[in-house]
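The values are calculated or read from the model by the stated rules, or taken from the named source; none is laboratory data. The structure displayed is predicted, hence computed values, not measured ones. Here the Cβ positions follow ideal geometry from the backbone for every residue, glycine too, while neighbour counts run over all protein chains shown. In case anyone asks, the SASA skips ligands and DNA or RNA and just uses the protein heavy atoms, side chains included. Shrake-Rupley method; radii C 1.70, N 1.55, O 1.52, S 1.80 Å.
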Amino acid sequence: MVITTTQFIKDYRDVALRWFADGLENLSPLQQYQTLALVVKGYAARDWARSKAHADKTQQKQVYYFSIEFMPGRLLASNLLNLGLKDVVDAGLAKLGLDSAAVYAAERDPGLGNGGLGRLASAFLDAMASTGMAGNGNGIRYRYGLFEQRFVDGYQVEVPDDWLRDSYPWETRKENRAVIVKFGGHVDLVPGASGHLTAVYQGTDDVLAVPYDTAMIGYRTGTVNTMRLWAAEPTAERAHALAETARAGAITEFLYPDDSDTAGRELRLRQEYFFVSAGLQSILTHFKRTHGDVRLLPNFVAVHINDTHPAMAVLELMRLLLDEEQLAWDQAWQLTVATMSYTNHTLMAEALETWPLGMFQDLLPRLAQLAFEVDRRFRARYLSRFGSVLVNRAAPLQDGQLHMANLAVIGSHAVNGVAKIHSELLKTTVLADLYQIFPDRFSNKTNGITPRRWVQLADVPLATLLDDVIGTKWRHQPQALVALRSHASDPAFLSRLMAAKHENKVRLAALIQATLGLEVPADAMFDVQIKRLHAYKRQLLHVFGILEHYLAIKKGAVRPPRVHVFGAKAAPSYRYAKAVIRLINAVAALVNADPDCAGKLAVAFLPNYGVSLAEAIIPAADVSEQISLAGTEASGTSNMKLMATGALTLATLDGANIEIRDAAGKESMAVFGLTEQEAKALRPQYNARERYERDPVLHRIVDMLTDGSIPNIESEGREIRAELLDYNDTYFVLADFADYLAANRRLDALWGDPVAWAKLATENIAASGRFSADLTVQRYGREIWRVLPEQPV
Ligand code: 26V
């Protein structure tokens, strides 16, 4: 899109006048941002309308990515970048004398997700638009997103995230596309004249689902797709009563802040059905208008189930095809399976969703009937071939529970994991039985990230350097970054690379100063761990490493200075995770106040980790901590973002770390710890207490949890110690401790040779292109959704 700076300034002034009846200079930064967002939305509007019309006219196959979470991040800068207008607008803002940093910062970051799963969904929407695919998001417009995290006395305190308070300029309410979603009541199947049974609903509780659409603008493609988020409202007949508004609205009031504790929550079940039913109804309505015959559905529509939360899409599509479209079971089933595909995002057995049948029947009586029938047919079909034991374990209904992962696999034509090791482990662990029955459905699709947000926007010093050294091709094709390899031994380039990193570190140091009042040396090694707080991710191991360094300093050891940067939210009900948060804050207080540590060791735990904070932290990282127990982290994606901005990875052989090592080369990663197979073999004979007794350093550090050496962690220290010694250290922190230290000492040694360090950073950046989400969605597009031609092998 071509807009001159002059034209932009005129447009900006016009919109300010129309919207606020005022001149730009009289608006607050928030109002300036809102005005600018409207201008940009206007610039994208034609492409958006054209993309929709084009997809319909050419009958392009559409992907609908169903996800209960999306985390798009701030959109202003990324929309400008993708439209090719960022430079023009920045120049315009400068000409107007406006504080562009303040304008960008005024945008709220919609935290409509918990972590990796939600961020991946948004990265995929960005990538689909940027590769010209017609791919849309379908999810929930939560009134309150993931809580805002604050620290009070080292404790995590949760504050509601009122992200819609100032309105959200990117969304468009489409009341004309609202649909009704029915809950409860009962269904009678009444035989009609044709012999087909008609489902008659009585006493249902109806809720209006209103879509809010946000444009997903492709990077210089002209493709603009849609993220459609549904809000619940009372139906017209009930809209007059205030109580009804509150009751209906409750469905989309808040995001569950928890990836561990949603089991059995009726409101969560309502949320899931709400956005699945609304999404499928709107897809079918649109499809019939544009294509007519529902029997062609899988030729033109792919519905993707992002984790099990939308898995009831299998049953809902069956309901629509049987009850509304009057198809016969076999045909409806064949269409459903051909339309659906499913991604699994975790190996944690306790995370596999199940619903008590009683609850499911009460809330979704018709879907429950269909679940019984799917289960009956599944058993009948596979019993003789696979035997009752296996078929029982693979069936959707077991012990009065509906097993959503089983339903998702049975009702989809494709199932995938999110990194090679994860996809392999799915076949031998959580989905092993289903793999026996449907081996051909399984594949791997390693996750990806969008280098546009993480490099082009968040790391301008690096991006500018890259342009200068290898040209700009990498901006369109991140794989072109391999060209950097030929500069990995060029001292001039390496010193410029380190200068760019240093610039980012100075910026992060200023943020740490402003947020925590802590001064950190920008020339220290910045050692970063940013992700949800979970026992399996082992932030505790990182803390133990810090304490070991602290003790060494107390004994006079000299090591390269380090600044440890943490970002992590804990689920409000996850006690252990909250104890670890308090521990990190207490260790930070101890270390940061100790004059012996000044200039040598600092700990900065930045509150409220999310997409925006990640953008500030990632470009400044020297070390990327990816230290989950092998076999527990499905993929990880911060590992990819940190690699792309030149951090060296300190990692176990888990998730996508393995593929990162393979891509960047063994030397470029500090690998440590048990492998997945070793961990599995160790489990039956593991004795954590024995490790504690045997290793004096470990002994001392574990004791520090409870002997008062770290002030203010009495109960937390006891709880963590108990997890380690009484509950036998579920995630093998003690088992991997010594090797973790050894890997850290290797990094220390490398730090002493800045040229060698910079060379490895270069290898990481050069190899990061293969983790572009553009490539990931193209693999989905070719092999699962069939919206792109198969590539010759
Ligand atoms: C659920 C639970 C529940 C029980 C306790 C531990 C636990 C841990 C994780 C979860 C999974 C939530 C789904 C999720 O966000 N998975 C993440 O998906 C990312 C994108 O594929 C992937 O990179 C992360 O490794 C994976 O944890």
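To keep it simple, each residue is scored yes or no on (1) closer than 15 Å to A231 by Cβ; (2) of a type in the set (S, T, N, Q); (3) open to solvent by less than 60 Å² (accessible area, probe 1.4 Å).
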residue	(1), (2), (3)
L164	yes, no, yes
P169	no, no, yes
K174	yes, no, yes
D188	no, no, no
S194	no, yes, no
Q202	no, yes, no
V210	yes, no, yes
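Can you say whether A620 is within 16 Å of the ligand (Cβ to nearest atom) and open to solvent by less than 10 Å² (accessible area, probe 1.4 Å), as far as the supplied structure shows?
No, not satisfied.
Of these, S423, S443, S412, which one is in contact (Cβ under 8 Å) with a residue 24 or more places away in the chain, more than 23 Å from D330 (Cβ to Cβ) and among the hydroxyl-bearing types (S, T, Y)?
Only one candidate qualifies: S443.
For region 133-169, give me each residue that is without any contact (Cβ under 8 Å) to a residue 60 or more places away in the chain and β-branched (V, I, T).
Across region 133-169, the qualifying residues are V152, V157, V159.
Spot the failing condition for A647; the list is (1) aliphatic (A, V, I, L, M); (2) open to solvent by less than 30 Å² (accessible area, probe 1.4 Å); (3) closer than 25 Å to A586 by Cα, and only one is missed.
Tallying (1) aliphatic (A, V, I, L, M); (2) open to solvent by less than 30 Å² (accessible area, probe 1.4 Å); (3) closer than 25 Å to A586 by Cα, A647 fails exactly one: (3).
Evaluate the following for E723: is it assigned by TED's automatic domain parsing to the domain that holds V623, touching a Lys or Arg at 6+ places or on another chain (Cβ under 6 Å) and farther than 21 Å from D527 by Cα?
Answer is no for this residue.
Of the residues that sit in region 498-510 and are open to solvent by 60 Å² or more (accessible area, probe 1.4 Å) and touching a residue at least 40 places away in the same chain (Cβ under 8 Å), which one is nearest to K759 (Cα to Cα)?
Across region 498-510, the extreme among qualifying residues is E503.
For region 105-133: of the residues being surrounded by fewer than 24 Cβ atoms within 10 Å (Cβ to Cβ) and within 14 Å of N225 (Cα to Cα), which is farthest from the ligand (Cβ to nearest atom)?
G132
Kindly list, by first and then second residue, each pair from a residue in region 361-381 that is touching a residue at least 60 places away in the same chain (Cβ under 8 Å) to a residue that is open to solvent by less than 70 Å² (accessible area, probe 1.4 Å) and part of a helix (DSSP H, G or I), limited to pairs with Cβ atoms under 6 Å and residues at least 6 apart or on different chains.
Every condition considered, the pairs that remain are L363/L269; L364/Y273; R366/R319; L367/L315.
Would you check which residues across region 523-541 are crowded, with 23+ Cβ neighbours inside 10 Å and outside any strand (DSSP E or B) and list them?
Answer for region 523-541, where residues must be crowded, with 23+ Cβ neighbours inside 10 Å and outside any strand (DSSP E or B): K531, L533, H534, K537, R538, Q539, L540, L541.
For region 577-597, check the following and say yes or no: at least one residue is within 16 Å of the ligand (Cβ to nearest atom), open to solvent by 10 Å² or more (accessible area, probe 1.4 Å) and either touching a residue at least 24 places away in the same chain (Cβ under 8 Å) or of a type in the set (K, R) (or both).
yes
Exactly one condition in (1) under 28 Å from T235 (Cβ atoms); (2) of a type in the set (A, V, I, L, M, F, W, C); (3) more than 16 Å from the ligand (Cβ to nearest atom); (4) surrounded by fewer than 23 Cβ atoms within 10 Å (Cβ to Cβ) is not met by L255; state its number.
(3)
Which of the helices (runs of 4 or more DSSP H) contained wholly in region 703-783 include at least 1 residues that are exposed (fewer than 14 other Cβ atoms within 10 Å of the Cβ)?
Passing ranges, in order: 714-725, 733-751, 754-767.
Sort out which residues of region 426-438 are closer than 28 Å to A663 by Cβ and free of Cβ contacts under 8 Å to residues at least 40 places away in the same chain, and write them in order of number.
Across region 426-438, the qualifying residues are K427, T428, Y435.
Just to be sure before I move on: is F372 assigned to a helix (DSSP H, G or I), among the aromatic types (F, W, Y) and open to solvent by less than 10 Å² (accessible area, probe 1.4 Å) in the structure I sent?
No.
Answer yes or no as to whether I553 is crowded, with 21+ Cβ neighbours inside 10 Å and in contact with a strand residue (DSSP E or B) (Cβ under 9 Å, 6 or more places away or on another chain).
It is false that I553 is crowded, with 21+ Cβ neighbours inside 10 Å and in contact with a strand residue (DSSP E or B) (Cβ under 9 Å, 6 or more places away or on another chain).
Taking S628, is it among the small types (G, A, S) and crowded, with 20+ Cβ neighbours inside 10 Å?
Against the criterion (among the small types (G, A, S) and crowded, with 20+ Cβ neighbours inside 10 Å), S628 qualifies.
How do the pairs read when you match residues in region 765-786 that are in the same structural domain as T637 (by TED's automatic domain parsing) with residues anywhere that are at pLDDT below 95 and assigned to a helix (DSSP H, G or I), using Cβ under 8 Å and keeping only pairs 6 or more apart or on different chains?
If the second residue must be at pLDDT below 95 and assigned to a helix (DSSP H, G or I), the pairs left are A767/S668.
Kindly indicate whether any position in region 336-354 is surrounded by fewer than 22 Cβ atoms within 10 Å (Cβ to Cβ) and in contact with a strand residue (DSSP E or B) (Cβ under 6 Å, 6 or more places away or on another chain).
yes
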